[in-house]
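Report on the following structure.
Every number here is computed from the coordinates shown, using simple stated rules; none is lab data. Given the structure is predicted, the values throughout are model-derived calculations rather than measurements. A quick note on method: Cβ atoms are made from the backbone with ideal geometry, for glycine too, and the neighbour counts reach across all protein chains shown.
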Amino acid sequence: AQSVTQLGSHVSVSEGALVLLRCNYSSSVPPYLFWYVQYPNQGLQLLLKYTSAATLVKGINGFEAEFKKSETSFHLTKPSAHMSDAAEYFCAVIRNAGNNRKLIWGLGTSLAVNP
Amino acid sequence: DTEVTQTPKHLVMGMTNKKSLKCEQHMGHRAMYWYKQKAKKPPELMFVYSYEKLSINESVPSRFSPECPNSSLLNLHLHALQPEDSALYLCASEAGGGLAALYNEQFFGPGTRLTVL
């Protein structure tokens, strides 16, 4: 069954530094992977998704992620962190069960950006 | 309109109260979801409606009762809740249907912050 693991529950970077949030997946079939962001006291917003069309996926707010099958990874990066990037980030994979689809979530990574 | 709206934003209720949470989307999506989320945790799936029929119930206690009156609306009726039910309740919708839908994203509302006293 599909699952994801996020390495590092808390990541802290300086403003302007590289952001790297790690996500590894487990799947016996081609996975459909997502990164969502949740700002304080808000719902979740899609940053980007992997659909097998391209291994390097560009998302909103300058984020991108690269699908690496050999490493079973889908890490999220941003070249230069901004204070407004401070949020909770969730990696997720679709699990199909008959006619139903469910998102299987990682435990999340809390990103802090220091001035 | 790519928005999912939820009302109310905040709700405080006693353990004997009956209340309802509402969710609405006008994107023509045919799948709608209820999630429960505790602080700093991922969302926990509660219910899924597909084409207005309940397709997934994740063994949720009967004090939570979902309803899908039409393709745009989703309700969650609450009765005799416990303090541990205090959480952020999120609604989401997704286009649904067909093989191309395998990687449809879910669109989330802002949530209702529920406190049970």
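In nm, give the distance between the simple-model label positions of B:Glu58 and B:His79, each being 7 Å from the Cα along the Cα-to-Cβ direction.
2.4 nm
Averaged over B:37-44, how many beta carbons belonging to a partner chain fall within 10 Å of each residue's beta carbon?
Mean shielding count: 5.
Amide H to amide H, which residues 5 or more places from A:Ala112 or on other chains are under 5 Å from it, using H placed in the peptide plane?
A:Val11, A:Ser12, A:Val13
For the pair B:Ala95 and B:Lys40, what calculated FRET efficiency results from E = 1/(1 + (r/R0)^6), where r is the Cβ-Cβ distance and R0 = 35 Å, to the nearest 0.05?
0.75
Just tell me which lysines come within less than 30 Å, Cα to Cα, of B:Lys36; anything on the same chain fewer than 8 places away is out.
Within the straight-line limit of under 30 Å, B:Lys36 reaches these lysines: A:Lys49, A:Lys58, A:Lys78, A:Lys102, B:Lys9, B:Lys18, B:Lys19, B:Lys22, B:Lys53.
With a Förster radius of 22 Å, plug the Cβ-Cβ distance of A:Ser9 and A:Asn61 into 1/(1 + (r/R0)^6) and report the FRET value to the nearest 0.05.
0.55
Would you mind working out the magnitude of the charge dipole of segment A:1-76 relative to its Cα centre, with +1 at each Lys and Arg C-beta and -1 at each Asp and Glu C-beta, to the nearest 20 Debye?
The dipole magnitude comes to about 160 debye.
Among A:His82, B:Leu21, B:Gln6, pick out the residue whose Cα is farthest towards the positive end of the charge dipole of the protein assembly as shown, where Lys and Arg carry +1 and Asp and Glu carry -1 on C-beta, about the Cα centre.
Toward the positive end, the furthest listed residue is B:Leu21.
First select every other residue whose beta carbon is under 13 angstrom from the beta carbon of A:Ala92; then total the charges, Lys and Arg +1, Asp and Glu -1.
Charge balance near A:Ala92 sits at 0.
Going highest first, how would you order A:81-88, B:50-57 by mean Cβ packing within 10 Å?
Peptide ranking by packing, descending: A:81-88, B:50-57.
Enter the mean number of other protein chain beta carbons within 10 Å of the beta carbon of each residue in A:38-46, as an integer.
Mean shielding by partner chains, rounded to a whole number: 6.
I need the phi-derived Karplus couplings for segment B:72-83: 6.51 cos²θ - 1.76 cosθ + 1.60, θ = phi - 60°, integer Hz, Gly and Pro marked x.
Those phi angles translate into 9, 10, 9, 10, 10, 8, 10, 8, 6, 6, 10, x Hz.
Give the average, rounded to an integer, of partner chain Cβ atoms located within 10 angstrom of each Cβ in B:74-85.
Taking the mean over all residues of the peptide, I get 0.
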